[in-house]
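A short write-up of the structure that comes next.
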Amino acid sequence: MNTGEIIPDNLGIDEEGRMVTASGDYANTPLIIYFYPKDNTPGCTAEACALRDGYKRLRELGYQVIGINRDTPASHLKFAAKHDLPFPLLTDVSGEVCEAFGVWQMKKMCGREYMGLVRTTFITDNDHTITHIITKVNTKAAAEQILDILGK
């Protein structure tokens, strides 16, 4: 996905097993969609907590924050409860959403190559057109990074 493109409508499965859509669940709402590799890992926890701490300010600006990865709804529920996350975490077990957003990519670690979810944040306007893409996410200051980009 690139800036200026409209995001895919399907965003993932919620804790009740229901497909969440941009057009139905978040019509006319600007979104901050952050893709993160894994619940309860140090970087992903830092990012989620930074977004939690900045959530009130982001909501005051009209944005809804949504986290997405390939973990199960049960994992998301435990992660959200443990860290008091006020925003939804959606599941993409099939990988279709990650593929559609272009965040399922070849990664390298310790000389090994594998397919994995690349940490990326998408910011959209009310019509769900991408206005900004953050590929170098500052996990410890994710909300501040977004607010800086938005000039707020």
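May I ask you to evaluate 6.51 cos²θ - 1.76 cosθ + 1.60, the Karplus curve with θ = phi - 60°, for each residue of the stretch 76-88 and list the ³J(HN,Hα) values in order in whole Hz, giving x for glycine and proline?
4, 4, 5, 4, 5, 5, 4, 10, 6, 7, x, 10, x
Starting from the amide H of His132, placed 1.01 Å from N in the peptide plane, find each other amide H under 5 Å away whose residue is 5 or more places distant or on another chain.
Ile123
Under 12 Å Cα-Cα from Lys82, which aspartates and glutamates qualify once same-chain neighbours fewer than 8 residues away are excluded?
Cα-Cα hits under 12 Å: Asp39.
Give me the percent of DSSP beta bridges within the stretch 10-150 that run antiparallel, rounded to the nearest 5.
Just about 70 percent of them are antiparallel.
Along the Cα→Cβ direction, 7 angstrom out, place labels at Asp125 and Glu16. What is the inter-label distance in nm?
A separation of 3.2 nm, rounded to one decimal place.
Return the lysines within reach of Lys152: Cα separation strictly under 19 angstrom, same-chain partners fewer than 8 residues apart disregarded; answer none if there are no such residues.
List returned: Lys56, Lys140.
At 0.36 nm per residue, minus the direct Cα-Cα distance, what do Asn2 and Asn138 gain on full extension? Give it in nm, one decimal, please.
Working: separation 136, 0.36 × 136 = 48.96 nm, distance 2.00 nm.
Length difference between fully extended and current span is 47.0 nm.
For every helix of n ≥ 4 consecutive DSSP H residues, a contribution of -39,500 (n - 2.57) applies; sum these over the chain, divide by its total residues, and give [θ] at 222 nm rounded to the nearest 500 deg cm²/dmol.
Numbers: 5 runs with 49 residues, N = 152.
Taken over the chain, the calculation gives -9500 deg cm²/dmol.
Tell me, what is the FRET efficiency for Asn28 and Met115 to the nearest 0.05, using R0 = 35 angstrom and their Cβ-Cβ distance as r? Walk me through the intermediate numbers first.
Numbers: r = 35 Å, r/R0 = 0.99.
With R0 = 35 Å, the Cβ-Cβ based efficiency is 0.50.
Among residues other than Ser75 whose Cβ falls under 12 Å from its Cβ, what is the net charge (Lys/Arg +1, Asp/Glu -1)?
Charge balance near Ser75 sits at +1.
With each label point set 7 Å from Cα along the Cα-Cβ vector, what nm distance links Ile149 and Ser94?
For Ile149 paired with Ser94, the spin-label model returns 2.7 nm.
Read-outs throughout are calculated quantities, based only on the coordinates presented, and are distinct from any laboratory measurement. Since this is a predicted model, take the numbers as computed values, not measurements. Neighbour counts are summed over all protein chains in view; Cβ atoms, including those assigned to glycine, are modelled from backbone coordinates with ideal geometry.
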